[in-house]
Every structure is written in C-alpha cells, then in structure tokens.
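Undergrad: Sharing a structure, written as structure tokens. Questions coming.
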Amino acid sequence: MTRRGVLLASMALSMTAATPAWAAGSIAPGRRLAVYYQTQYTNGTYVSPLGLTEHGTGTTHLLVAAVHLNDVNGPYAPVHLNDDPPEAAKFAPMWRDLKTMQGQGVRVLAMLGGAAPGSFQRLDSEFSKYYPLLRDFLRAYGLDGVDLDVEERMSLAGIERVIDALRADFGPDFLITLAPVASALGGGGNLSGFDYEQLYRDRGGDIAWFNAQFYNGWGSMTATRDYDAIVGRGLIPADKVVAGALTSPGNGNGYVDVPALTRTVADLRAKYSGFGGVAGWEYFNSEPGATAAPWQWAAEVAGALFR
C-alpha cells in the first residue's frame with residue numbers, strides 16, 4: 001500500500017459513522033491539498049490530471065474550472081465549461097479520468113464563475129431559471145461538490161439562497177466551498193459584493209471551507225502574515241481556510257516559488273494544528289515540472305503539508 005493509502009486507511013478506522021464524508025476527504029483532519037484544473041488542452045493536446053494520482057502526490061481534491069451559466073435566450077448553450085458545453089466530445093477523456101480519480105479517493109468539484117461575469121448575477125436575479133441548470137449539471141456528472149468563485153457583485157441573500165438549495169438538493173456530504181480573495185476574509189478588499197464574515201455567521205455550518213486567493217495583490221504566501229490576519233479575527237477558524245497559491249508565474253501576479261511556498265506551508269502547519277491546507281491555481285503548467293510534469297508542484301507541497 002502507498003503512503004497515501006496507509007494514511008487514508010488509518011484515518012478511516014478512526015472515523016465514526018456520523019462523520020460527514022467531506023470531513024473524511026483529507027489525508028489529515030481539516031487538511032486538504034486541492035488543485036484547480038482549468039486548462040484541459042494546451043496546443044491541441046489533452047492534459048490529463050491523472051498524474052496527480054499516478055505519482056502519489058497526496059492530492060485530496062480536484063476543482064474543474066470554469067463552469068458558466070449563460071443567458072438562456074442567448075446564442076450559446078446555457079451551461080459551458082470554459083468555451084464549450086460540458087457534453088462536448090473534447091471533454092470525454094476528462095470526464096473519464098475524473099471518474100478514475102474519484103475511484104482513487106480524490107473528491108472532484110466544479111468551480112462555478114471566476115473572472116468571466118454573469119453566472120452569479122443570473123443566480124441572484126433569476127434564481128428559479130438558472131439554479132436548475134447548475135443542479136442538473138452537477139448531478140449529470142456525479143460531482144462531489146461545487147466551488148463558488150464569486151468575482152462579481154452578488155447579494156448576501158442571493159449567495160445564501162444558492163447554498164441552501166445545494167444543501168437541500170445534495171445532502172450533508174456534498175462539498176460547498178467558496179473562493180474569495182484572501183483579503184475578503186480579513187475585513188479588506190472584496191470582489192463579491194457581500195460580506196464573507198456575515199456569510200460565515202449565517203451559513204458557516206454548510207461551508208466546507210474557503211479556497212482563499214493569496215495572490216494578485218489580495219494576499220501573499222511569502223509568509224504567514226496574511227493568513228494570520230484572517231484567523232486572528234477570531235471568526236473563521238484555520239480549518240476552514242485553505243491557502244490558495246499560484247503554481248506558476250504565468251498564472252497571475254504574486255507567484256511564490258515552491259521552496260518559499262513550502263516554508264510558509266510548514267510554518268502554518270506548525271502554527272495551526274487545524275491548518276486547512278493549500279490550493280493551487282492551476283494544474284497544467286505547475287512548477288517546478290511545468291507542462292512536462294505538472295504534478296510535481298502538488299508532490300512538493302504535500303511534503304510540507306502532510307509530513
């Protein structure tokens with residue numbers, strides 16, 4: 001059995017029947033190694049995520065990006081994964097590989113929204129028309145959860161309505177995460193329009209964790225300071241804050257190289273026994289292996305996160 005398999009088996013023995021499945025999804029309680037997977041093709045060649053499991057990286061969650069809800073009266077299919085409908089033939093190998101990874105213990109989520117606007121505005125203003133599109137997509141592909149990346153203005157009541165509907169439709173074990181910029185959890189800048197601290201007060205029990213973006217000027221993983229600022233406010237605990245980092249300087253501003261990142265991760269792990277983990281944006285070109293071996297980023301981070 002691999003090191004990951006031994007750890008998972010050991011943890012499974014300690015779990016009670018009442019433990020939600022999402023809590024058991026990490027190698028260590030409250031600790032996740034999540035990888036965003038948006039680029040499925042590069043230069044016309046399919047990028048399989050299977051390297052993450054084939055090389056025993058310890059990845060616990062894969063987030064497939066980015067799902068968009070389009071105008072139902074417009075020229076495009078109402079649900080898109082990046083530039084195409086999710087049922088497009090090009091995605092067939094991806095869906096097959098994701099099922100394989102689920103069978104290997106990785107929880108697979110869909111990331112909704114991101115930089116392209118519209119999905120959350122539609123959910124906010126025409127919920128009954130657009131929420132069923134999201135619900136049916138998640139069911140059709142057997143996904144384990146959804147990551148709500150709200151980078152446009154949305155009301156607090158609107159996001160709470162989405163969370164309530166997801167919980168009612170998918171049950172207690174379905175993963176609901178959000179991906180705010182890190183400063184939004186620490187009383188600072190925010191791209192979403194609503195107050196994340198109030199959201200946590202209202203719906204914290206239904207939010208598995210936050211994939212906080214510590215890059216693009218909203219926070220940094222060069223040291224623990226910005227993470228400390230969130231936990232130090234005394235509301236959102238460390239086990240609900242996963243530190244999002246860039247995996248390559250080509251993926252945004254504020255890239256922290258792997259040696260520096262792993263030092264910060266080790267410091268956070270030592271400082272917070274319930275440290276929530278790390279999320280990497282994104283898979284296909286992750287350093288240090290780049291496009292030839294993008295799984296290496298996760299393997300390196302796992303060394304600091306789980307040892």
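The values are calculated or read from the model by the stated rules, or taken from the named source; none is laboratory data. As the structure is a computational prediction, the values presented were derived from the model and not from experiment. Cβ sites come from the backbone with ideal geometry, for glycine too, and all protein chains shown count toward neighbours. Remember, those area values only see protein heavy atoms, side chains included, never the ligands or the DNA or RNA. Shrake-Rupley method; radii C 1.70, N 1.55, O 1.52, S 1.80 Å.
Undergrad: Measuring from centroid to centroid over Cα atoms, what is the spacing of the range 230-258 and the range 146-208 in Å?
TA: So the separation of the two Cα centres works out to 17 Å.
Undergrad: Moving to a separate point now. Contour minus end-to-end for A92 and D202, with contour as 0.36 nm per residue of separation and end-to-end as the Cα-Cα distance?
TA: Working it through step by step, the gained length comes to 35.7 nm.
Undergrad: Would you tally the net charge around F120, using a Cβ to Cβ cut-off of less than 12 Å, leaving F120 out, and scoring K and R as +1, D and E as -1?
TA: With Lys, Arg at +1 and Asp, Glu at -1, the neighbours total -2.
Undergrad: Please report, in whole Å, how far the alpha carbons of the range 54-175 spread along each principal axis, starting with the longest.
TA: Here the Cα extents, ordered largest to smallest, are 44, 33, 23 Å.
Undergrad: With every atom except the alpha carbons ignored, what do you get for Rg and Dmax of the range 199-246, in angstroms?
TA: So, for the range 199-246, Rg and Dmax equal 11.0, 32 Å respectively.
Undergrad: With an 8 Å Cα cut-off and a minimum separation of 6 or more residues, compute the relative contact order for the chain in percent.
TA: Relative contact order for the chain comes out at 19 percent.
Undergrad: Starting with the highest mean, order 73-81, 227-235 by the number of other Cβ atoms within 10 Å, averaged over the residues of each peptide.
TA: Those peptides, ordered most packed to least, come out 227-235, 73-81.
Undergrad: Let me make sure I get this right: for the chain, a, b and c are the square roots of the gyration tensor eigenvalues over alpha carbons, sorted descending. Under 1.5 in a/c it's rounded, otherwise prolate if a/b > b/c, else oblate. Which is it?
TA: Taking the square roots of the gyration eigenvalues as a ≥ b ≥ c, the chain is rounded.
Undergrad: Please report the Cα spread of the range 102-149 along all three principal axes, rounded to whole Å, starting with the longest.
TA: Reported extents, whole Å, longest axis first: 39, 22, 11.
Undergrad: Let me know the shape class of the range 42-99, please: from the alpha-carbon gyration tensor, a ≥ b ≥ c as square roots of the eigenvalues, rounded when a/c is under 1.5, otherwise prolate if a/b is greater than b/c, or oblate.
TA: prolate
Undergrad: According to the square roots a ≥ b ≥ c of the eigenvalues of the Cα gyration tensor, what is the shape class of the range 157-297, taking rounded for a/c under 1.5, prolate for a/b larger than b/c otherwise, and oblate for the remainder?
TA: Taking the square roots of the gyration eigenvalues as a ≥ b ≥ c, the range 157-297 is prolate.
Undergrad: Also, I was wondering about something else. Rounded to the nearest 10 Å², what accessible area does R161 show when all protein chains are kept and the probe is 1.4 Å?
TA: Counting only protein heavy atoms, R161 exposes about 100 Å² to solvent.
Undergrad: Hey, what did the range 155-252 get for relative contact order, percent, Cα under 8 Å, at least 6 apart?
TA: The normalised contact order for the range 155-252 reaches 28 percent.
Undergrad: Still on this model: Among the lysines, which fall within straight-line cross-link reach of K240, defined as a Cα-Cα distance under 28 Å, with same-chain neighbours fewer than 8 residues apart omitted?
TA: K99, K271
Undergrad: About its Cα centre, how strong a charge dipole does the range 165-255 have in debye, to the nearest 20, once Lys and Arg get +1 and Asp and Glu get -1 at the Cβ?
TA: Value, rounded to 20: 140 debye.
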